[in-house]
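Working notes, beginning with the structure itself.
The values are calculated or read from the model by the stated rules, or taken from the named source; none is laboratory data. Keep in mind the model is a prediction, meaning the values are calculated, not measured. A quick note on method: Cβ atoms are made from the backbone with ideal geometry, for glycine too, and the neighbour counts reach across all protein chains shown. To get the accessible areas, we keep the full protein, side chains included, count just its heavy atoms, and leave off ligands, DNA and RNA. Shrake-Rupley method; radii C 1.70, N 1.55, O 1.52, S 1.80 Å.
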Amino acid sequence: MERRPIVMANWKMNKQPNEAIAYIQTAAKAVASYPDVEPILAGQDVLLQSMVDAAEDTTIEIGAENVYWKEEGAYTGETSPKVVANLGVQYVIIGHSERRNYFRETDEMVNLKALAALRNGLKPIIALDETVQTESNNAHMHWIVNQVIEALKGVSKDQMQSVVLAYEPTQAIGSGMAMGPEQAQKDLYMIRETVSDMFDAKVAEQLRILYGGSVKPENAYAIMRQRDIDGVLVGNSALDPDNFIELVKLAHQAKKTK
Ligand code: PGA
């Protein structure tokens, strides 16, 4: 089964408008040499229109970092998934660990947002965090399986073709301490097995699952070579377009070993 790997930069609340455009101009030509890898950039809502415009006629896809779960209405300050989709944005990160931790997003909110993204033609990259690493193996497994089940409630088999999952252990995010490739592979395998139980083996086999948390060019190849890891979601390191290009190249090389 061929799964096209993703390298996604999550800029978070960084980049000025001119920097966003310059980044896309720098990366566009280089990443186009690796068509077997899908390059995605996620930026703040206020940058999305200019990102979409700058990425026109390139192979780079654009993602939002969050959306609300209603299309319209009196929800001051929220962003409609319908508007984001109408801008020409293809992806949206849902349930990032920073949203869960700083903005108190619950599993239920994550599920509502994932469903709203799908309803509006956006592909959700649903982030699963992991905060119980140091507890028993059972608690660790239970935590991950439960998050998958809660996030995908009410999602149809058909819709699963547009879903991407991203596993990001909280301690690994922004800490410089990525999870070991073997442990990450184990956890991603468990996520895929859970999806297989919820839907079927075919849905699980097609699903792309990313690893995120302190990924950089130095450790990305070992991570992306793992059988169940279909790419990376990268914060800090991918603020630099040269690193983003390098990560896309490494994804291409890792894919050849699978
Ligand atoms: P990091 O962030 O690469 O800076 O650890 C990853 C993420 O939050 O998606």
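Of the numbered conditions (1) modelled with pLDDT of 95 or more; (2) under 24 Å from Leu48 (Cβ atoms), Asn101 satisfies every one except a single condition; which is it?
(1)
What number of residues within segment 70-98 are farther than 18 Å from Gln49 by Cβ, more than 16 Å from the ligand (Cβ to nearest atom) and in contact (Cβ under 8 Å) with a residue 24 or more places away in the chain?
Summing the residues that are farther than 18 Å from Gln49 by Cβ, more than 16 Å from the ligand (Cβ to nearest atom) and in contact (Cβ under 8 Å) with a residue 24 or more places away in the chain in segment 70-98 gives 2.
Which residues, counting only those in segment 215-232, are within 11 Å of Pro5 (Cα to Cα) and in contact with a strand residue (DSSP E or B) (Cβ under 7 Å, 6 or more places away or on another chain)?
Filtering segment 215-232 down to residues within 11 Å of Pro5 (Cα to Cα) leaves 224-225, 228-232.
Within segment 215-232, Met224, Asp228, Ile229, Asp230, Gly231, Val232 qualify.
Output the number of the condition that Ala238 fails; it satisfies all remaining conditions of (1) within 12 Å of the ligand (Cβ to nearest atom); (2) open to solvent by 10 Å² or more (accessible area, probe 1.4 Å).
Exception for Ala238: condition (2).
Would you say Ile144 is within 17 Å of the chain's Cα centre (by Cα), within 16 Å of the ligand (Cβ to nearest atom), at negative phi and among the aliphatic types (A, V, I, L, M)? Spell out the reasoning first.
Numbers: within 17 Å of the chain's Cα centre (by Cα): yes; within 16 Å of the ligand (Cβ to nearest atom): no; at negative phi: yes; among the aliphatic types (A, V, I, L, M): yes.
Taking the combined requirement at face value, the residue does not satisfy it.
Determine the pairs where a residue that is closer than 10 Å to Tyr211 by Cβ and away from the ligand (no atom under 16 Å from the Cβ), located within segment 170-194, has a partner that is open to solvent by less than 30 Å² (accessible area, probe 1.4 Å) and charged (D, E, K, R) with Cβ atoms under 9 Å apart, the partner being 6 or more residues away or on another chain.
So the pair list comes out as Gln185/Asp228.
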